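Beneath this line is the structure, given in structure tokens, with notes to follow.
The values are calculated or read from the model by the stated rules, or taken from the named source; none is laboratory data. As the structure is a computational prediction, the values presented were derived from the model and not from experiment. For neighbour counting, all protein chains shown are included, and Cβ atoms are generated from backbone atoms with ideal geometry for every residue, glycine included. Side chains included, ligands, DNA and RNA excluded: accessible areas come from the protein's heavy atoms. Shrake-Rupley method; radii C 1.70, N 1.55, O 1.52, S 1.80 Å.
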Amino acid sequence: MSSSSERSPNAGQPNGSTLAAQAVTPEGTLYVSQPYRSSSTNKLRAMVTFAPRKSLFDISNESSTTNEFRGFFTLFWMSLFLFAVGIYVRSVEATGSPLNFEFATMISRDAITLAISDGVLVLNTALCVPFAKAVAKGWLRYNCTGLVLQHLWQGAVLAIAITWTFNRQWPWVQSGFLTLHSFVMIMKMHSYISTNGELAQTHEQAEKVYAQLKKATDAQGGWEEALQKAEVAMLQQDSPIPSGTPGVPLDAPEGPIKGCRQRRCPKGAGVKTTGTRVMVDSPAIQFKPPSPSEILSHHPSEAIASLAKQHAELERDLTGSIEGKVRWPANITFRDFAWYQLTPTLVYELEYPRTDRIRPLYVFEKSVAFFGTFALLYTIVETFIIPLTPTKEQSFARSLLDLAIPFMISYLLLFYIIFECICNAFAELSYFADRQFYDAWWNSTSWDEFSRKWNRPVHTFLLRHVYASTMSSYKLTRQSAMFLTFLLSACAHELVMAVVTKKIRMYLFALQLAQIPLIAIGRIPTIRRNKLLGNTVFWIGLYAGFPLLCVAYCAY
């Protein structure tokens, strides 16, 4: 069992050692999971999980390449390419140039100033590290003082960015980009600081529980004797891995797994992967030694066992959930924060599932896809949207009809650029293995399903830091938390439209909140069962929504 050095009181704070075990089998990765789950983790962090996954349109995604509708994906790009070539040919015949590049002149205006401004915005976020260090060292209490300073800082960043866009009198592209990127940076800052603030409180609580545990063991013969009693009790109660357990290798070592649950994860989960295959290190289960707290959780004394179990739970919250190599506050470094900034996620974790290397050809593929898709997007915007910008004199219905398809195509291309090209490229550069930046939102039958699936990075942020956080901290009901989440999202969307159009009209705000009753209607059993009807209504709303907002904000 444990050596005397492992049993010392200082060892009561394990550095990532758990009772968990894993083995790679032909069907995937088998886990003998940790015996305890933290209640605080269940409230907040368990709602957002990370695992090695590929995006649906990634050409290396095995499930997508075998999909019966894969040919339509190829047809879509071939049709758009031929459509763009036709536009270029007709433009050359009429004007001698494939495009008039009016849009290019607009988006390149004041480009150097925009780049410097964006660089300052990104560098400003590095202040999160000394802020988190101050909280970790106890110089700043996260609850209330740290929380107030955090929100004042985030509000100041957004206010300065918006004021700067108005000061520079930028066109809508530059203004929209800096405002949206400000929101992204603020969400990253918020997740980083709030997560480390919560971990500081967890660490403080863990120290208190450990002091109580040490006192309880001293009352019954001391730490060493308590460990020995717990080990004896654990050996008497535990049983080896049952023979014939599905998926367990034949040469798996027998050992105590009392209280552990077996579950099968998707292939590649919990192990390093190149994004195309699982890296198999060893076929056998590798057990990590249990921490002293986990051993003491089997102590005959109910008081000691309860305190030990509570301490083990708290220690598990302070340790990375993927490999268990990172323990708070060792994560609070500029290097860790830089990797977090490069990682395409808005939710901070001590550890993420990682790939083992960067594939240059993959990055090249996404870069080529980015420039090619952007060329198509540029062509659509300059040819079919800017010349047809609605005015009050134009027919409302005709404007909707003229802009419906160009806006839909532009939306699909912009979605592909952001979530398939940019996010995957940054994921590859940051060794980030969870590439599920979106789900199959095109099959949505309701607006709440669409909001969950089309932009998963923002959805996971709102889920953890707004929806779950308000229910946990302010004891809100699910309905109230959902309304608050939609309200915050609606305010953010309307603010972006106000900056882009230089108008406050609240049209988008109203449409966002209108989704709440539509969600309730969509949950009626009769409507919910009719998937075709629900998907048709969804696409009608999406088709009408973009040109409707354009006409409303531009002409009225």
### Query
Ignoring ligands and nucleic acids, what accessible area does Leu314 show with a 1.4 Å probe (Å², nearest 10)?
10 Å²
### Task
Could you pull the accessible area for Ser79 with a 1.4 Å probe, rounded to 10 Å²?
60 Å²
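Given a cut-off of under 8 Å on Cα pairs at least six residues apart, what relative contact order in percent is computed for segment 453-509?
It rounds to 23 percent for segment 453-509.
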### Task
Only Cα pairs under 8 Å and at least 6 apart count here; give the relative contact order of segment 348-486 as a rounded whole percent.
25 percent
### For segment 445-531, with +1 on Lys and Arg beta carbons and -1 on Asp and Glu, the positive-most of Val466, Met482, Leu518 along the dipole
Leu518
### Message
So, taking all protein chains as they sit and a 1.4 Å probe, how much accessible area belongs to Cys550, in Å² rounded to tens?
### Response
20 Å²
### Task
May I ask you to rank Phe50, Phe364, Phe374, Phe437 by accessible area, largest first, using a 1.4 Å probe over the protein chains only?
Phe364, Phe374, Phe50, Phe437
### Task
Could you grab the relative contact order for segment 423-556? Cα pairs under 8 Å, six or more apart, rounded to a whole percent.
25 percent
### Message
Using the Karplus curve 6.51 cos²θ - 1.76 cosθ + 1.60 with θ = phi - 60°, what ³J(HN,Hα) values do you get for each residue of segment 539-556, in whole Hz, with x for Gly and Pro?
### Response
5, 4, x, 5, 4, 7, x, 5, x, 4, 5, 4, 5, 5, 7, 7, 9, 10
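Enumerate by residue number the trypsin sites (Lys or Arg not before Pro) in segment 333-427 meeting two conditions: DSSP loop (anything except H, G, I, E, B), and at most 16 other Cβ atoms within 10 Å of the site's Cβ.
Sparse-neighbourhood loop trypsin sites (Lys or Arg not before Pro): Arg357, Lys392.
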### Task
Please list, in chain and number order, the residues 5+ apart from Arg53 or on another chain whose amide H is under 5 Å from its amide H, with Hs placed from the backbone.
Asp434, Arg435, Gln436
### Efficiency of FRET from Cβ geometry, Gln237 and Asn443, R₀ 30 Å, rounded to 0.05
0.05
### Query
How large is ³J(HN,Hα) for each residue in segment 220-225, as worked out from phi by the Karplus curve 6.51 cos²θ - 1.76 cosθ + 1.60 (θ = phi - 60°), to whole Hz, x for Gly and Pro?
10, x, x, 4, 5, 5
### Query
Using θ = phi - 60° and the Karplus form 6.51 cos²θ - 1.76 cosθ + 1.60, what ³J(HN,Hα) does each residue of segment 73-86 get, whole Hz, x for Gly and Pro?
5, 5, 4, 4, 6, 5, 5, 5, 4, 5, 4, 5, 4, x
#### Entry: Projected label distance in nm at Leu123 and Asp110, using a 7 Å step from Cα toward the beta-carbon
2.0 nm
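Could you tell me whether segment 411-471 comes out rounded, prolate or oblate from its Cα gyration tensor? Rule is a ≥ b ≥ c as square roots of the eigenvalues, rounded for a/c under 1.5, then prolate if a/b exceeds b/c, otherwise oblate. Before the final figure, lay out each step's value.
Details: a/c = 2.54, a/b = 1.22, b/c = 2.09.
Judged from the Cα gyration tensor, segment 411-471 comes out oblate (a/c at least 1.5, b/c at or above a/b).
Using the structure shown, list the pairs from Lys54/Lys325; Lys137/Lys229; Lys188/Lys325 with a Cα-Cα distance above 26 Å, or answer none.
From the list (Lys54/Lys325; Lys137/Lys229; Lys188/Lys325), the Cα-Cα distance tops 26 Å for Lys137/Lys229.
Determine the order of Ile332, Ile521 by accessible area, beginning with the largest, at a probe radius of 1.4 Å.
From most accessible down to least: Ile521, Ile332.
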### Query
If you rank Glu313, Glu225, Glu62, Glu93 by how much accessible surface each has, with a 1.4 Å probe, what is the order from largest down?
Glu93, Glu62, Glu225, Glu313
